[in-house]
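Notes follow once the structure below has been shown.
The values are calculated or read from the model by the stated rules, or taken from the named source; none is laboratory data. Computed from a prediction, not measured in an experiment: that's the story for all the values here. In this analysis, Cβ positions are derived from the backbone assuming ideal geometry, glycine residues included, and neighbour counts consider all displayed protein chains. Heads up: the accessible areas ignore ligands, DNA and RNA and are worked out on the full protein's heavy atoms, side chains in. Shrake-Rupley method; radii C 1.70, N 1.55, O 1.52, S 1.80 Å.
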Amino acid sequence: MRTLTIIVSLMCMALSVSAAKADRRVAFVVGNGAYKNVAQLPNPPIDARAMAATLRNVGFEVIEGSNLTRDQMTEKLLDFGRKAQGSDVAVFYYAGHGIAVGGTNYLLPVDADIKSEMDVKLGAAINIDLTLDQTMGDAKVKLVFLDACRDNPFAAKIKSNSATRSVNVGSGLAEMKSGEGTLIAFATGPGQTALDGQEGNNSPFTRALIDNITKPGVEIQQAMTSVRAQVNEETHKGQLPWGHTNLIGAVYLNPSQPGQQVANAAPTASSSAPAAATTGNSEGVELEFWRSVKESNKPEELNAYLSAYPNGQFKPLALARLAAIQNGPSTTTRNLNAGVDPATFTDDATQLTEDQIGLDKGQRRDVQRRLTGLGFDTKVSGVFNDQTRSVLKRWQAARGYPSTGFLNKLQHKALLSEIVASTTTASDDSPKPARRAAPAQSAPAPRHSGGGDAGAAFVGGVVGGMMGGMFRR
């Protein structure tokens, strides 16, 4: 009965996500860093690529660009404005230099050469207020994320060329008010500056957005609370994101329950019923709760699951995960990681680092086969879709690598060497794919009995196996 309940719950969640993706979702995502006339920023293009991939994974059509000139930004904005008309959700994301002049915020194309206030107002920079009004005005839900609160690189020039009158030139971005159905989020507070992050990585604000806004079943305003907490903690209270919202309904970028659709109206009794069900004790809800925290490295999130479900079906796994965080990798994991470059445990993997490996379709199939061979079951398609990304995260978490769902050269090398070791040693106790039907041309996989260590791969493997077996029948 428990198995049947979980299967039905998963099918409902799949249908819910499909329905959400049927909504019209459009995003503008741009990262400018290669400035020609001021200091360059290394990370905004990396931020933009990561954000674009995150939004595409939950059904957005993304108009994407990096290091755009004024003309190129205008062209992208025109395209975005056309596609965002009448959309259910429109997202505007920008990373790069931004300035505030006279209380108005502007975004800087990479060819901006601003010597005076007149240059700004005559079009050398992009007026944010006008842009948002023209491109997103009639979207039902408008989400704006501005990772642009760096120092104003033109402040000194503008002030020196405005000696005849007072010009208010801010060091960060000015406060903005959101209209109905809009959420605006800044990397930091008005008039303050934000961190660009370590070169080659995402900024703290963008990393927190990617980690939180598309978590299954998490409402966007709840997600932004987590974003603020994560940035505040990561920067040792040196940066606190700020925002303004006028949303009048719940908004889910990645629904996990029937009824968690994009909304921009006050909830009715019928629409609030599914949300109320999340406080119940059904197995499907417990499963989704567990899935949202099972790869976490934060003890407080795992303890939250244990508090909500003190006798839950995943309690042993939660306790094992807590022990792993407190005591470091298990003996099995340490054996698997023997000889692995230490940088593998610290270097983040992104879409960029994965692209640098240059995996063709055959090599991607090989990665998927190897993951399946370790018990992290995934479809061997040669395409790294959402399922493969999720499986990669489980493998990374189980091995103590940064859990991003992408590969870098070191992790790819570690995976290849780990598979060789696991196929020749009997000490590997990762769950084997015996629960999947073996292809006709392959030898039958050996069946294993007994317990085995609890781990994230077990949960993903069991649920994936049940779903796969059901649909094969």
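Would you check which residues across region 223-256 are under 17 Å from I213 (Cβ atoms), touching a Phe, Trp or Tyr at 6+ places or on another chain (Cβ under 9 Å) and in a loop (DSSP other than H, G, I, E, B) and list them?
Matches in region 223-256: P241, L253.
For S390, which of the numbered conditions (1) buried (at least 20 other Cβ atoms within 10 Å of the Cβ); (2) part of a helix (DSSP H, G or I); (3) touching a residue at least 24 places away in the same chain (Cβ under 8 Å) fails to hold?
All conditions pass for S390, except number (1).
In region 341-380, which residues are hydrophobic (A, V, I, L, M, F, W, C) and closer than 24 Å to A52 by Cα?
If the condition is that a residue be hydrophobic (A, V, I, L, M, F, W, C) and closer than 24 Å to A52 by Cα, then A349, L352, I357, L359, V367 are the ones that fit.
What pairs can you find where one residue is in region 107-118 and farther than 20 Å from M176 by Cβ and open to solvent by 10 Å² or more (accessible area, probe 1.4 Å), the other is at pLDDT 85 or above and of a type in the set (K, R), and their Cβ atoms are less than 7 Å apart, with a gap of 6+ or different chains?
Partner pairs satisfying both residue conditions: D111/K36; D111/R70.
Could you tell me whether V251 is farther than 19 Å from N297 by Cβ, β-branched (V, I, T) and at pLDDT 90 or above?
Answer is yes for this residue.
What pairs can you find where one residue is in region 122-137 and under 15 Å from Q72 (Cβ atoms), the other is open to solvent by 10 Å² or more (accessible area, probe 1.4 Å) and in a strand (DSSP E or B), and their Cβ atoms are less than 7 Å apart, with a gap of 6+ or different chains?
A125/Y106; I126/Y106
For the structure I just gave you, tell me whether D47 is in contact with a Lys or Arg (Cβ under 9 Å, 6 or more places away or on another chain) and modelled with pLDDT of 90 or more.
So D47 passes the test.
Taking the residues in region 26-57 that are open to solvent by less than 10 Å² (accessible area, probe 1.4 Å) and of a type in the set (A, V, I, L, M) as candidates, determine which candidate is nearest to L108 (Cα to Cα).
Applying the filter and picking the extreme gives V30.
Please go through region 289-317 and pick out each residue that is of a type in the set (S, T, N, Q), open to solvent by 50 Å² or more (accessible area, probe 1.4 Å) and within 25 Å of the chain's Cα centre (by Cα).
N297, N303
When the residues of region 334-353 are narrowed to those that are closer than 18 Å to S403 by Cα and in a loop (DSSP other than H, G, I, E, B), which ends up modelled with the lowest pLDDT?
The residue in question is N337.
Restricting to region 17-38, give me the number of residues that are at pLDDT 80 or above and more than 30 Å from D113 (Cα to Cα).
4
Looking only at region 354-380, which residues are under 16 Å from G405 (Cβ atoms), at pLDDT 85 or above and assigned to a loop (DSSP other than H, G, I, E, B)?
Once the filter is applied, which keeps residues that are under 16 Å from G405 (Cβ atoms), at pLDDT 85 or above and assigned to a loop (DSSP other than H, G, I, E, B), region 354-380 yields L359, K379.
Condition first: in contact (Cβ under 8 Å) with a residue 12 or more places away in the chain, in a helix (DSSP H, G or I) and open to solvent by 10 Å² or more (accessible area, probe 1.4 Å). Now tell me which residues in region 400-422 satisfy that.
K409, L410, H412, K413, L416, S417, I419, A421, S422
Residue-by-condition table, conditions (1) more than 22 Å from F406 (Cβ to Cβ); (2) part of a helix (DSSP H, G or I):
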{"residue": "K36", "(1), (2)": "yes, no"}
{"residue": "P42", "(1), (2)": "no, no"}
{"residue": "P45", "(1), (2)": "no, yes"}
{"residue": "V62", "(1), (2)": "no, no"}
{"residue": "G65", "(1), (2)": "no, no"}
{"residue": "E75", "(1), (2)": "yes, yes"}
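Matching residues to (1) open to solvent by less than 10 Å² (accessible area, probe 1.4 Å); (2) touching a residue at least 60 places away in the same chain (Cβ under 8 Å); (3) not β-branched (V, I, T):
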| site | (1), (2), (3) |
| --- | --- |
| D23 | no, yes, yes |
| T74 | no, no, no |
| V91 | yes, yes, no |
| Y94 | yes, yes, yes |
| N105 | yes, yes, yes |
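Which condition number in (1) out of contact with any Cys (no Cβ under 9 Å at 6 or more places or on another chain); (2) open to solvent by less than 50 Å² (accessible area, probe 1.4 Å) is the one that G98 fails?
Checking G98 against (1) out of contact with any Cys (no Cβ under 9 Å at 6 or more places or on another chain); (2) open to solvent by less than 50 Å² (accessible area, probe 1.4 Å), the one that fails is (1).
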